Amino acid sequence: MKKRPFTLAATAFHTPERGILEVLEKHLFSIDAEGRIADILSPADDGYEQKKEAARAERTLVELAAGQFLLPGLIDLHIHAPQWPQMGKALDVPLEVWLQKYTFPLEAKYADLDFARTVYADLVDGLIANGTTTALYFATIHGPASLALAEICLAKGQRALIGKVVMDDPVQCPDFYRDADATTAIKETEQFIEAVRALAPGKRPLVQPVITPRFIPSCTDEALKGLSHLAARYDCHVQTHCSESDWAKTFVEDRFGQSDAASLDGFGLLTRRTILAHSNFIDEEDMNLIAARGAGIAHCPLSNAYFANAAFPLRAALDRHMHVGLGTDISGGYSPSLFDGCRHALSTSRMLQSGVHAHLPPQERGLPGAPINHCEAFWLATAGGAQALDLPTGSFRRGLEFDALLLDTRVAHSDIHIYDGYDTPEDVFQKIVLNATHGNIAKVWVSGREILKGIEPR
Ligand code: GUN
Ligand code: FE
């Protein structure tokens, strides 16, 4: 889609490398007709003033005011679209009970395409309002409803990777919510891939299909094998849950005599294009395997607090330069905000360091080195997620897609308070990561298109 080129004059914050904050004060960002960053100029660069004047004369200059900042768009590396109506409730039981008692009955409702369209429109509006410019979605087992999600993301302009969920195991999956058999599940996945590619053709499609075995316990061997063949044939991303809880991890070990990651690899499902949700129980060997394949991990700290029985070894994964991003895991996680995701990743990492056993002497309590800082947390929510998905976005560099947020600290009821002569730009960035809410997000762009239009009253 051709768009009108424009130039932004803004102070931007981004973390192109893990843990490294760059403050681009009063820079000029030129966005081309393809939605890419054509150029970035600092006030010290030749041609800065001329360029700004030219854009102003052409009426293509967007100039941010004091207290407004540009940030890269946020990337949700793991979210269940159909669980949106369940967000904020039903978290009183363990994962395996939660699936059967609440989640499968809700997901079964997406056989009704009208229901699916209503919820998915709300969902995509809600995520965009929270600054989520890219989402890696699990949909449901239903091809038509999953395709409706793709159409809605495309129409609303959100970058999305979407999977029709496969779950065909008749023992683990209820009769009312299960693929008929492996052959049907594979055929419907293939149809879904082709339908999404027809909907969003080209080299840089906004919406892409993802091969999505829900997790090993819900799939037969035949389905897992068939899906890995499809992933190779169609060169698709793959997503699944890996070693999330004691129950899920033990289930796989009992079935295959090896870990979740090793079992997925055995089926050919662990690739550079794979994203594993959670992965809380991965050991050294699993980490080396996942790193060698170049697969990514969606760290879901809030949902892990409810379901995981363990904390993800984030620092160990980062030390190995594994690909890691953040997932909200709605509705196992109850917040749609990746700023909240940053906060939960931060506090989890700090609790890992302090440990939970107050009766132990301080030096024996927790994991030294576990804490991440706010720059690392923001990297996870932006450039880290982009790296895991191999997407040309996540920071501000020439040639990348312009996916961005206008963060306004001056709105009513903002929790970000900036005091001249007291807060440095670095302080402002930290305050944004720790205190931004959706109320601070004034505009959202994906691939150069302004997509935040405000939420209509319901
Ligand atoms: N494992 C299998 N399905 C799910 C799901 O929907 N949510 C979470 N958190 N874990 C899962
Ligand atoms: Fe999940």
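Read the figures in this text as sums done on the coordinates, not as results from a lab. Predicted model only: the values in this text are computed from it and were never measured. Backbone-built Cβ (ideal geometry, glycine too); neighbour counts: all protein chains shown.
Couple of notes before you dig in:
- Computed from Cα atoms alone, the Kirkwood hydrodynamic radius reported for the stretch 170-250 is 13.8 Å.
- Share, in percent, of DSSP beta bridges within the chain that are antiparallel, nearest 5: 40 percent
- In the chain, excluding the sites themselves, the longest stretch lacking any of the GluC sites (Glu not before Pro) that are in a DSSP loop with at most 15 other Cβ atoms within 10 Å is 59-458.
- Dipole of the chain, positive end: most advanced residue of THR7, HIS229, HIS27 [Cβ charges, Cα centre]: THR7
- Each label was represented as a point 7 Å from its Cα along the Cα-to-Cβ direction; for GLU285 and TYR419 these points are 5.6 nm apart.
- Spacing of the two label points (7 Å from each Cα toward its C-beta) at GLU49 and ARG272, in nm: 4.7 nm
- At 1.306 mPa s and 10 °C, Stokes D of the chain from Kirkwood alpha-carbon radius, µm² per second: 71 µm²/s
- Global form of the stretch 286-360, assessed from the alpha-carbon gyration tensor, a/c cut-off 1.5: oblate
- Taken about its Cα centre, the chain carries a charge dipole of roughly 1020 debye when the Cβ of each Lys and Arg holds +1 and the Cβ of each Asp and Glu holds -1.
- Max-minus-min Cα coordinates of the stretch 12-77 on each principal axis give 40, 27, 23 Å, with the largest extent listed first.
- Solvent-free Debye scattering, log10 I(q)/I(0), computed from the Cα coordinates of the stretch 1-159 at q = 0.12, 0.19, 0.21 Å⁻¹: -0.71, -1.15, -1.30
- Three-way shape call for the stretch 221-339 based on the alpha-carbon gyration tensor, with the a/c threshold at 1.5: rounded
- Extension gain, ASP427-PHE256: 0.36 nm per intervening residue step, less the Cα-Cα distance, totals 56.6 nm.
- Estimated translational diffusion coefficient (Stokes-Einstein, Kirkwood radius over Cα pairs, 20 °C, 1.002 mPa s) of the stretch 146-288: 137 µm² per second.
- Stokes-Einstein translational diffusion, the stretch 83-129 - Kirkwood Rh over all Cα pairs, 1.306 mPa s, 10 °C, in µm²/s: 136 µm²/s
- When only the Cβ of Lys, Arg, Asp and Glu is charged (+1, +1, -1, -1), the dipole of the stretch 338-458 relative to its Cα centre reaches about 200 debye.
- For the pair ASP122 and GLU364, label points projected 7 Å from Cα toward Cβ lie 5.2 nm apart.
- Selection of chymotrypsin sites (Phe, Trp or Tyr not before Pro), the stretch 371-458, meeting DSSP coil and at most 10 other Cβ within 10 Å: TYR419, TYR422
- Charge tally in the Cβ shell below 10 Å around PHE402, where Lys, Arg are +1 and Asp, Glu are -1, PHE402 excluded: -1
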